[in-house]
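The values are calculated or read from the model by the stated rules, or taken from the named source; none is laboratory data. What you see is a predicted model; the values in this text were computed from it and never measured. Ideal geometry is used to build each Cβ from the backbone, glycine not excepted, and the neighbour counts take in all protein chains shown. Surface areas here come from the heavy atoms of the whole protein model, side chains and all, with no ligands, DNA or RNA. Shrake-Rupley method; radii C 1.70, N 1.55, O 1.52, S 1.80 Å.
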Amino acid sequence: MNRYETVFIMTPVLSEEQAAETVDKYKGIITSNGGNIVFEDSWGLKKLAYPIQKKTTGFYHLLEFQMDGEHIRAFETEFRRDERILRFLTTRMEKHHITYAESRRNKKATTKPTETEA
């Protein structure tokens, strides 16, 4: 199985429940095709670099997962069909990319302030 990373942008008109439902849909597609989720991160509502479909903001979400390469095309087709998705990008992670992503997560986890520091 290969390791992939997908970042997708959801339309800002979704409620929090609808955004969570959309993310669960794609996580379900991954697991139903024999894959597993390695890491997930919600980046929240961010300003877009340029307007997409007359929208200037969007909900960003990152999924890092393992799945057979034969299922990626069907996975991306679901993004294209979903009107809640503004943009998406899926990349296959090479060994250096995996190492960098793990070190970035570990660095982020160690630099978060604890409740006593905040």
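Just a few scattered comments:
- What you get for the chain, charging only the Cβ of Lys and Arg (+1) and of Asp and Glu (-1), is a dipole of about 500 debye around the Cα centre.
- Listed values for the stretch 95-107 are Karplus-derived 3J(HN,Hα) couplings in whole Hz (6.51 cos²θ - 1.76 cosθ + 1.60, θ = phi - 60°), namely 4, 6, 5, 4, 4, 5, 4, 5, 5, 5, 5, 5, 5, and x replaces Gly and Pro.
- A value for Rg and Dmax of the Cα atoms in Å was derived from the coordinates, and within the list (1) 15.4, 48; (2) 22.3, 78; (3) 14.8, 45 it appears as (1).
- Accessible area per residue in Å² at 1.4 Å probe, computed on the chain: 66
- Taking 0.36 nm per residue of separation and subtracting the current Cα-Cα distance, fully stretching the chain between Ala74 and Asn106 would add 8.3 nm.
- Legend: distances between Cα atoms for Lys55/Lys95; Lys47/Lys95; Lys54/Lys108; Lys27/Lys55; Lys47/Lys108; pairs beyond 29 Å are Lys55/Lys95; Lys47/Lys95; Lys54/Lys108.
- The chain - mean residue ellipticity at 222 nm from DSSP helices (-39,500 (n - 2.57) per run, n ≥ 4, rounded to 500): -12000 deg cm²/dmol
- Potential lengthening between Glu94 and Ala20 on full extension [0.36 nm per residue; Cα-Cα distance subtracted]: 23.8 nm
- Surface composition of the chain: carbon and sulfur make up 50 percent of the accessible area, probe 1.4 Å.
- Relative packing of peptides 98-110, 60-72 - highest average C-beta neighbours within 10 Å first: 60-72, 98-110
- Rounded to whole numbers, the Karplus 3J(HN,Hα) couplings from phi for the stretch 76-86 are 5, 4, 4, 5, 5, 7, 7, 6, 7, 9, 7 Hz, using 6.51 cos²θ - 1.76 cosθ + 1.60 with θ = phi - 60°, and x at Gly and Pro.
- Amide proton proximity set for Met93, modelled H, under 5 Å, gap of 5+: Arg3, Tyr4, Glu5
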